[in-house]
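Colleague: The structure follows.
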Amino acid sequence: MLRTVTATRYVTPLREGGSLPGLVEADDDGLYVLKFRGAGQGPKALAAEIVAGELARDLGLPVPELVLLELDPALGAAEPDPEIQELIQASAGINLGVDFLPGSLPYDPTDPPDADLAADVVWLDALITNVDRTPRNPNLLRWHGNLWLIDHGASLYAFHGPDPLSRARGAFPPIRDHVLLPAASSVAAADERLAGRADPARAASLVPEEWADGSAYGEFLTQRLDAPRVWADV
Ligand SMILES: Nc1ncnc2c1ncn2[C@@H]1O[C@H](COP(=O)(O)OP(=O)(O)OP(=O)(O)O)[C@@H](O)[C@H]1O
Ligand SMILES: [Mg+2]
């Protein structure tokens with residue numbers, strides 16, 4: 001189970017993000033990036049965040065803690081931007097919280113990570129069909145010197161269309177634009193390191209049932225992990 005915390009203070013909107021995430025303080029004194037259930041991409045984007053983020057964690061990749069974040073819309077009463085005010089009102093109840101990494105820096109391609117770590121991230125993103133790890137939008141942070149993975153809301157996009165399971169075993173051509181591909185060692189070797197470590201059923205079981213059918217996400221990834229993994233041929 002993901003922990004559940006309750007927002008106690010709405011601090012500020014994070015204007016960099018397309019989905020207008022907010023920064024909030026919670027009743028455990030932690031600061032979290034709040035990803036709104038009522039945002040345009042809908043609860044399936046939050047389901048993808050959980051399944052992809054927790055799968056990455058199984059593989060030993062650094063992802064900030066994910067929590068379920070209870071929001072009382074009254075907390076946003078002082079927010080002057082009507083678009084954000086609307087988001088807050090549409091997101092009463094449970095949302096996704098991502099542990100805030102204070103003082104983290106955006107990814108700098110002149111300071112790439114270790115080549116095996118880069119290959120592991122490329123492999124992960126081919127598995128979860130993540131289109132959002134490009135030079136324009138790397139969704140990687142540098143914090144205390146280490147690389148951290150954020151923002152998996154655009155992954156697993158087959159679930160926004162009909163019959164996602166029919167697409168489970170497919171190739172993933174957008175991996176060509178991955179920001180870490182130039183820095184990565186062999187993705188075939190990453191496949192050997194990682195394929196046995198993923199536990200899609202665990203990750204999928206963490207999705208609140210009001211958001212999406214988690215078991216379908218688990219089934220999709222289980223099929224995708226079956227050999228032959230054409231998508232891992234990067
Ligand atoms: N856990 C975190 N710690 C520190 N900063 C963060 C964290 N999560 C997000 N941010 C900052 O907020 C920005 C937006 O977050 P995120 O990418 O998750 O939102 P999004 O709306 O899905 O974005 P996008 O525009 O990429 O679709 C990030 O680029 C980063 O600068
Ligand atoms: Mg982003």
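Colleague: Here are Leu117, Leu96, Leu140, Leu105: which of them is of a type in the set (A, V, I, L, M, F, W, C) and in contact (Cβ under 8 Å) with a residue 60 or more places away in the chain?
Modeller: On the way: Leu117 fails: in contact (Cβ under 8 Å) with a residue 60 or more places away in the chain; Leu140 fails: in contact (Cβ under 8 Å) with a residue 60 or more places away in the chain; Leu105 fails: in contact (Cβ under 8 Å) with a residue 60 or more places away in the chain.
Within the list Leu117, Leu96, Leu140, Leu105, the selection yields Leu96.
Colleague: So which of Pro135, Pro162 is more than 23 Å from Ala189 (Cβ to Cβ), within 16 Å of ligand 1 (Cβ to nearest atom) and either open to solvent by 30 Å² or more (accessible area, probe 1.4 Å) or not in a loop (DSSP other than H, G, I, E, B) (or both)? Spell out the reasoning first.
Modeller: On the way: Pro162 fails: within 16 Å of ligand 1 (Cβ to nearest atom).
Among Pro135, Pro162, only Pro135 is more than 23 Å from Ala189 (Cβ to Cβ), within 16 Å of ligand 1 (Cβ to nearest atom) and either open to solvent by 30 Å² or more (accessible area, probe 1.4 Å) or not in a loop (DSSP other than H, G, I, E, B) (or both).
Colleague: Here is a follow-up. Based on this model, can you work out whether Glu25 counts as within 10 Å of ligand 1 (Cβ to nearest atom) and among the acidic types (Asp, Glu)? Spell out the reasoning first.
Modeller: Numbers: within 10 Å of ligand 1 (Cβ to nearest atom): no; among the acidic types (Asp, Glu): yes.
No, not satisfied.
Colleague: Sort out which residues of segment 80-99 are in a loop (DSSP other than H, G, I, E, B) and surrounded by fewer than 18 Cβ atoms within 10 Å (Cβ to Cβ), and write them in order of number. If you could, list the steps in order and put the result at the bottom.
Modeller: Applying the first criterion (in a loop (DSSP other than H, G, I, E, B)) to segment 80-99 yields 80-81, 90-92.
Selection gives Pro80, Asp81, Ala90, Ala92.
Colleague: Moving on to the next point. What's the number of the only condition in (1) more than 16 Å from the chain's Cα centre (by Cα); (2) free of Cβ contacts under 8 Å to residues at least 60 places away in the same chain; (3) surrounded by 17 or more Cβ atoms within 10 Å (Cβ to Cβ) that Asp125 fails to meet?
Modeller: (1)
Colleague: Continuing with this model, one more query. Name the residues in segment 21-52 that are within 16 Å of ligand 2 (Cβ to nearest atom) and either open to solvent by 30 Å² or more (accessible area, probe 1.4 Å) or part of a strand (DSSP E or B) (or both), would you?
Modeller: Gly22, Leu23, Tyr32, Val33, Leu34, Lys35, Gly40, Gln41
Colleague: I'd like to verify a number: residues in segment 138-159 that are under 16 Å from Pro21 (Cβ atoms) and either in contact with a Cys (Cβ under 8 Å, 6 or more places away or on another chain) or open to solvent by 10 Å² or more (accessible area, probe 1.4 Å) (or both), how many?
Modeller: So the answer is 7.
Colleague: I'd like to check something: does segment 202-211 contain any residue that is buried (at least 19 other Cβ atoms within 10 Å of the Cβ) and under 26 Å from Asp116 (Cα atoms)?
Modeller: Yes, the conditions are met somewhere in segment 202-211.
Colleague: While we're looking at this one, here's another question. Return yes when Leu105 is surrounded by fewer than 18 Cβ atoms within 10 Å (Cβ to Cβ) and either near ligand 1 (Cβ under 10 Å from one of its atoms) or of a type in the set (S, T, N, Q) (or both) and no when it is not.
Modeller: Yes, satisfied.
The values are calculated or read from the model by the stated rules, or taken from the named source; none is laboratory data. Just so it is clear, the model here is predicted, and its values are computed rather than measured. Backbone-built Cβ (ideal geometry, glycine too); neighbour counts: all protein chains shown. Just so you know, the surface numbers come from the protein's heavy atoms only, side chains and all, with ligands and any DNA or RNA stripped out. Shrake-Rupley method; radii C 1.70, N 1.55, O 1.52, S 1.80 Å.
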